[in-house]
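Trainee: Mind having a look at this structure? Questions to follow.
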Amino acid sequence: MHDVFGYSAFRPGQEEIVDLILDRQNVLVVMPTGAGKSLCYQIPALVSDRLAVIVSPLVALMDDQVAGLRANGVAAACVHSGLSRDEQVANWRSVASGQCRLLYLSPERLMTARMLEALERLDPAFLIVDEAHCISKWGASFRPEYEQLSALGERFPNAAIAAFTATADEATREDIVQRLFRGKGKILLHGFDRPNLRLSALAKTDWRKQLLRFLEDKREDAGIVYCLSRKSTEEVAEFLRGSGVNAIAYHAGQEADVRRANQNRFMTEAAVVMVATIAFGMGIDKPDIRYVCHLNLPSSMEAYYQEIGRAGRDGLPAETLLLFDLSDMRQRRQFIENDDADETHKMREHKRLDALLAYCDAAQCRRAALLSYFDEECEPCGNCDNCLSPPKMIDGSQQARMLFCAISDTGEAFGAVHVIDVLCGAGGQKIITRGHEKLKSYGRGAGKPKDYWQAFIRQAVAGNYLSINIQKYGALQLTRRGRAVIEGEENFALREIVDTDIASSRSERSSSTRKGAKAAVPAGDQALLTALKACRLELAREREVPAYVIFPDATLLEMASLRPGTMKLMAQINGVGPRKLEEFGALFLRVIQNVG
């Protein structure tokens, strides 16, 4: 831990995991992103001096992991199609000769007959499966190529198998253990909470204004903006560039070399916004992503948790924002119904989406709502929009009865637009043709604007008072709870809807708290920190590696705060191991002396 990686102590949970792997036990580890899972399998390989094979989902992630290990003087290698044949041969020879003890492979490369036979001759001690939730069909990110990994136990009976993930509910965890360990393995849960992430969700009113407001104080930070489609990804990136933001697009429709170049820019440049579909993100090991914004609903709570988990992996404050509206809800339902899966799977995905909708319209602490989905409890966090600006709750039963009666009167056969037109007493051919101007509910809600009723319907859907019937083209239908409100058997607790500017005012209120949170980071001397980052960036560009491979932000913050004046004191900074001290120590000491 100290002599190679330069850290003075394990983080919570790491030592127990290292001990279990060294004891050759099969284990599934669920720990939050940024909790230090890589060290949990890198250290056993170094201690035992035997081969560890790490299964990783992305070429870029493998390259970054290997670059980071080599920067610490550790012999590590990867074999993948992105390398030249000569590089692949050289890397394999270092593994076969015993010089290298950490080999990174994709699941596709590992499970070829030729690679399996070659590895059997080397008798690896450890098989590590990263992003292990991808193996489970119960999970939100199933990848068919991962399913083949279930044969590893039979193929390598002498190897301990350790699986790592940050995202797995109970059903997914049990499925992973059954597939990888045939049910004979230990599950270690080290929690899902990421207290450094500020959680926010807003009804989408004008995504352009809302996005620019969110990015207002983040122009010097790296972040991710997630979109639902390839087209919107390009549109949003172009809009941001036109607004002076350094934004690039990433989606599966781009050529492979374009995606590779864009990902490389994001990993190596400072203050880049990656506007992407979910094709971007799996395994991205960039610790200084300061925010994640969703312009559309993710597919589930697991997907949302995984995607926001890419922010703040260095443990420093980071922000999230989720924008949502009724069209997102309808589109997500449509995706589920159009999926080529059995009804049981579709029902499960609808329930997962229900949980996310409830989170979006939660009136209490958002962190508590998120963690409760993963069977964890927490006190109000003080670091989400609902804790910082608590919403006012009122009795909305009267308005709910107006709305629900309009839905009932029109036969539960129409979407939100038509129902609101009836409720607000609008004219138009569609109303007159169906005789809906004669209904008792016609015009009953005319005292409120249409935007108000749109927001009301979102809360009703999220609270399971209404459902959206995809087979009937998005028709709103009453649930048991909705009928109970009409009958006066249940009240409707409404998060007060002020007006259509509610999103703007809330975002402005949270903006002031954001600035305060940023200032609280123990950054030491800001001028010195800036100079240290500039030195790091220059070294990273020379070596063509991400900046954090040289030193993570947390190490530079400690340097700026403690201002070591000698190599001996520099060696005491967390993250400065012997190899990095030898290669970079004098350079960073010079920066400290010059700025000081």
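The values are calculated or read from the model by the stated rules, or taken from the named source; none is laboratory data. This is a predicted model, so every value here is computed, not measured. When we count neighbours, we look across all protein chains shown, and the Cβ atoms used for this are built from the backbone with ideal geometry, even at glycine.
Trainee: Looking only at segment 308-348, how many residues end up being farther than 30 Å from Gln454 by Cβ, of a type in the set (Asp, Glu) and in a helix (DSSP H, G or I)?
Mentor: So the count comes out to 1.
Trainee: Would you kindly identify the helices (runs of 4 or more DSSP H) lying entirely within segment 429-529 that contain at least 2 residues that are surrounded by 18 or more Cβ atoms within 10 Å (Cβ to Cβ) and modelled with pLDDT of 65 or more?
Mentor: Per the criteria, 450-462, 480-486.
Trainee: Please tell me if Phe374 is at pLDDT below 90 and out of contact with any helix residue (DSSP H, G or I) (no Cβ under 7 Å at 6 or more places or on another chain).
Mentor: Spelling it out, Phe374 is indeed at pLDDT below 90 and out of contact with any helix residue (DSSP H, G or I) (no Cβ under 7 Å at 6 or more places or on another chain).
Trainee: Right, another one. Restricting to segment 407-422, name every residue that is more than 39 Å from the chain's Cα centre (by Cα) and either buried (at least 19 other Cβ atoms within 10 Å of the Cβ) or not assigned by TED's automatic domain parsing to the domain that holds Asn469 (or both).
Mentor: Thr410, Val422
Trainee: Criterion first (of a type in the set (Gly, Ala, Ser), at pLDDT below 90 and farther than 16 Å from Leu321 by Cα) does Ala249 satisfy it?
Mentor: In short, no.
Trainee: Of Ile432, Ile394, which residue is in the same structural domain as Arg458 (by TED's automatic domain parsing), more than 20 Å from Tyr304 (Cβ to Cβ) and among the hydrophobic types (A, V, I, L, M, F, W, C)?
Mentor: Within the list Ile432, Ile394, the selection yields Ile432.
Trainee: In this structure, is Gln254 in a helix (DSSP H, G or I), touching a helix residue (DSSP H, G or I) at 6+ places or on another chain (Cβ under 9 Å) and of a type outside the set (Phe, Trp, Tyr)?
Mentor: No: the conditions fail for Gln254.
Trainee: How many of the residues in segment 365-409 are of a type in the set (Lys, Arg) and assigned to a loop (DSSP other than H, G, I, E, B)?
Mentor: 1
Trainee: Something else now. Of all the helices (runs of 4 or more DSSP H) wholly in segment 533-596, which have at least 3 residues that are at pLDDT below 90 and not assigned by TED's automatic domain parsing to the domain that holds Val74?
Mentor: 547-550, 553-562
Trainee: Right, another one. If a residue must be charged (D, E, K, R) and either under 16 Å from Val545 (Cα atoms) or in contact with a strand residue (DSSP E or B) (Cβ under 9 Å, 6 or more places away or on another chain) (or both), how many such residues does segment 245-271 contain?
Mentor: The qualifying residues number 4.
Trainee: How many of the residues making up segment 368-390 are surrounded by 19 or more Cβ atoms within 10 Å (Cβ to Cβ) and in contact (Cβ under 8 Å) with a residue 60 or more places away in the chain?
Mentor: Selection size over segment 368-390: 7.
Trainee: Yes or no: segment 271-292 includes at least one residue that is crowded, with 18+ Cβ neighbours inside 10 Å, at negative phi and without any contact (Cβ under 8 Å) to a residue 24 or more places away in the chain.
Mentor: No; the residues of segment 271-292 include none that is crowded, with 18+ Cβ neighbours inside 10 Å, at negative phi and without any contact (Cβ under 8 Å) to a residue 24 or more places away in the chain.
Trainee: Somewhere in segment 412-422, is a residue touching a Leu at 6+ places or on another chain (Cβ under 7 Å), under 30 Å from His190 (Cβ atoms), part of a loop (DSSP other than H, G, I, E, B) and in contact (Cβ under 8 Å) with a residue 24 or more places away in the chain?
Mentor: no
Trainee: Filter segment 217-244 for residues that are out of contact with any strand residue (DSSP E or B) (no Cβ under 6 Å at 6 or more places or on another chain) and in a helix (DSSP H, G or I) and give the result.
Mentor: Scanning segment 217-244 gives Arg230, Lys231, Ser232, Glu235, Glu238, Phe239, Gly242.
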